[in-house]
Amino acid sequence: MVTVSELMTKKLVTVPAGTSAADAARVMNERHVGSVFIEQNDRVVGIVTESDIVRKVVGENRPVHFVPVESIMSSPVISLDERRSITEAADLMQHHHTRHLGVLKSGAIVGVLSVRDLLQPVSVDEF
């Protein structure tokens, strides 16, 4: 069984609450990621994706430099334990209509699993 920890991205990219959507997009571009976690008081309170910025800011003609990430973030972050199978992760993504999941270890978010991660080549036998 292939587990979430085998495919997840371990580099956790965060921005503080109050960051503008423009700055969050800049961080995503610089770090080559499709999402950032939002931190407030030293804890993750949400997630913002490229799609959130496109649909909720640009698509609604809102001023990208003045929209704070917490107004467009998904919260709480849909998450699952790193030891769960990738099929469980895919089911959770489908159920919640999301493309990104927080990955938990001992209750703390330690990584992110995206739908792109699930497309990594794995043999059929490992499912």
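Among residues of the stretch 95-120 being part of a helix (DSSP H, G or I) and at pLDDT 95 or above, the one that is farthest from residue 33 (Cα to Cα) is 95.
Of all residues in the stretch 12-66, count the ones that are in a strand (DSSP E or B) and free of Cβ contacts under 8 Å to residues at least 40 places away in the same chain. Residues in the stretch 12-66 being in a strand (DSSP E or B) and free of Cβ contacts under 8 Å to residues at least 40 places away in the same chain: 10 in total. Only a single criterion out of (1) of a type in the set (S, T, N, Q); (2) surrounded by fewer than 16 Cβ atoms within 10 Å (Cβ to Cβ); (3) closer than 22 Å to residue 8 by Cβ is not satisfied by residue 40, namely (3). Restricting attention to the stretch 65-111, which residues are polar (S, T, N, Q) and either farther than 17 Å from residue 11 by Cβ or surrounded by fewer than 16 Cβ atoms within 10 Å (Cβ to Cβ) (or both)? Across the stretch 65-111, the qualifying residues are 71, 74, 75, 85, 87, 94, 98, 106.
On the stretch given as the stretch 6-34, residues that are of a type in the set (S, T, N, Q) and more than 14 Å from residue 110 (Cα to Cα) total 3. Of 47, 38, all but one fail to be at pLDDT 95 or above, touching a strand residue (DSSP E or B) at 6+ places or on another chain (Cβ under 6 Å) and within 21 Å of residue 95 (Cβ to Cβ); the exception is 47. Residue-level analysis places residue 3 among those that are modelled with pLDDT under 95 and surrounded by 15 or more Cβ atoms within 10 Å (Cβ to Cβ). A search for C-beta distances below 9 Å between a residue of the stretch 72-94 that is outside any loop (DSSP other than H, G, I, E, B) and any residue that is crowded, with 17+ Cβ neighbours inside 10 Å and of a type in the set (Asp, Glu), counting only pairs 6+ apart in sequence or on different chains, returns 74/52; 86/117; 89/117. The condition (being in contact with a helix residue (DSSP H, G or I) (Cβ under 8 Å, 6 or more places away or on another chain), under 21 Å from residue 41 (Cα atoms) and touching a residue at least 60 places away in the same chain (Cβ under 8 Å)) is satisfied by just one residue among 102, 111: 111.
The values are calculated or read from the model by the stated rules, or taken from the named source; none is laboratory data. What you see is a predicted model, and the numbers here were worked out from it, not measured in a lab. Virtual Cβ from ideal backbone geometry, glycine too; neighbours counted across all protein chains shown.
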